[in-house]
Amino acid sequence: MRKYKLALVGATGLVGRTARKVLEEKNLPISEYAFFASSKSAGSKIIFMGNEYTVRELTENSFDEGFDFAIFSAGGETSKKYSPIAASKGCVVVDNSSAFRMDKKVPLVVPEVNPCDIKWNNGIIANPNCSTIQAVVPLKPLDDKYTIKRIVYSTYQAVSGAGKAGVDDLENGIKGFPPKKFPYPIINNCLPHIDVFEENGYTKEEIKMINETRKILGKPDLKVTATTVRVPVLNSHSESINVEFENDFNLDELKEILNNSPGIILEDDPSKNIYPLAQNANGHDEVYVGRIRRDESVPYGINMWVVADNIRKGAASNAIQIVEKLIELN
Ligand code: A2P
């Protein structure tokens, strides 16, 4: 069996550390790993699969050694500069930043939703935004069956989505220190402000959810709107998703479709207080769906509550699932 070489760029960050953990769990047919970061942490040691590795500084020559795959989680600027270099040397990059997501030549992939798009990559595959990934996993099978007409997203996003600085703001805020990353204290607060505001009053996070949903579902004209909110939760994003369909549905059948779809765990028994919770999603790769009920204000609509670990399924695990698919295709 062929063995591959994989580079992890941003190996010391929040997503990079989780990616190492997921790679250890999966034990893919990869015989060589390399871990890159900035000059700041170059030289530091990490233990991976029982062996000690030295973190290396990312340079323009880093991809001369013939990597098959690279996972990038080091921010948009690093991706913009180094992903094309890696791709030009025959490496397939799975990029966690937003740098290439809306590029028409770059597939934007959630393996449970649009695995076929992996095939037309030109050396770079984009990993969607964390809040989009967990939304499209349940939306896809519902769209296939009932045809989605309109989506309204309201998100309740964990501080880990803002990287280590976001986590620090929550942990230090509990001790009474002022925030450094967020514009206001995150303790006892909800901030309707993720990423920067655009001229139309939406934040970039909201625009990402709208545009990425359309691209992944292959419905460029789909009506989608979003309000994204940072909440004082350490990890795992929760989302209220309102969906309107073109066609009528039977609620039990709809739940059964979700129950039988890949990557979904249905947790929906209000009589027993069973519904998805951020605390329960932590450390898992599945998307948890519950509180599914008819939206009685429209002919064919539902509300649902969708929760997932934003660092795993929303970033590291989704990227590694893409690598797994690439290996299957080889
Ligand atoms: P470093 O540890 O050297 O700063 P987070 O999102 O948690 O802040 O993590 C960002 C990750 O991206 C870290 O691993 C960081 O490495 C890495 N990184 C940041 N800038 C660069 C760069 N210019 N080249 C390579 N890696 C970078």
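FYI, it's all coordinate maths here, none of it is from the lab. As the structure is a computational prediction, the values presented were derived from the model and not from experiment. As a convention, Cβ positions derive from the backbone with ideal geometry for all residues, glycine included, and neighbour counts pool all protein chains shown.
With 0.36 nm allotted per residue and the present C-alpha distance subtracted, the Asn51-His284 stretch has 81.4 nm of extension available.
Given a Förster distance of 41 angstrom, what is the FRET efficiency for Tyr184 paired with Ser31, based on the Cβ-Cβ distance and rounded to 0.05? Working shown, then result.
Working: r = 48 Å, r/R0 = 1.18.
With R0 = 41 Å, the Cβ-Cβ based efficiency is 0.25.
Considering only Ile265, Ile46, Ile125, the mean-square fluctuation computed in a Gaussian network model of the chain, springs between alpha carbons under 10 angstrom, is largest for Ile46. Short-range pairs are left out: with C-alpha atoms under 8 Å and at least six residues apart, the relative contact order of the chain is 18 percent.
Counted over segment 131-310 with a bin width of 5 Å, the fraction of Cα pairs per bin, in whole percents, is 1, 8, 17, 20, 19, 15, 10, 6, 3, 1, 0. With distances taken between every two different alpha-carbon atoms, segment 1-86 has a Kirkwood hydrodynamic radius of 13.0 Å.
Full extension of the segment from Ser154 to Asp168, taken as 0.36 nm per residue of separation minus the current Cα-Cα distance, would add 2.6 nm.
The alpha-carbon atoms of segment 1-146, seen along their principal axes, cover 53, 33, 30 angstrom, with the largest extent given first.
Note the full-extension length gain between Lys104 and Glu246 as 0.36 nm times their separation in residues minus their Cα-Cα distance, in nm to one decimal.
48.4 nm
Ranked by the mean number of other Cβ atoms within 10 Å of their residues, highest first, the peptides 22-30, 139-147 come out as 139-147, 22-30. Treating each Cα of segment 93-220 as one equal point scatterer and applying the Debye formula with no solvent, the log10 of I(q)/I(0) at q = 0.14, 0.18, 0.19, 0.22 Å⁻¹ comes out as -0.71, -1.02, -1.08, -1.26.
Over segment 124-199, Cα pairs under 8 Å with separation of 6+ residues give a relative contact order of 16 percent.
Exceedance of the 29 Å cut-off in Cα-Cα distance is limited, within the set Lys26/Lys89; Lys5/Lys40; Lys21/Lys89; Lys45/Lys104, to Lys45/Lys104.
Taking amide H as placed 1.01 Å from N in the peptide plane, the amide H of Arg150 sits under 5 Å from that of Glu244, each at least 5 places away or on another chain. Here the relative contact order of segment 131-310, from alpha carbon pairs under 8 Å that lie six or more residues apart, stands at 29 percent.
Modelled label positions at Ser88 and Asn330, each set 7 Å beyond Cα in the direction of Cβ, lie 2.3 nm from each other.
Sorted into 10 angstrom bins from 0, the C-alpha pair distances of the chain split as 6, 26, 34, 24, 9, 1, 0 percent.
Taking amide H as placed 1.01 Å from N in the peptide plane, the amide H of Arg230 sits under 5 Å from that of Gln157, Leu191, His193, each at least 5 places away or on another chain.
For the peptides 166-173, 10-17, the ranking by mean Cβ contacts within 10 Å, running from highest to lowest, is 10-17, 166-173.
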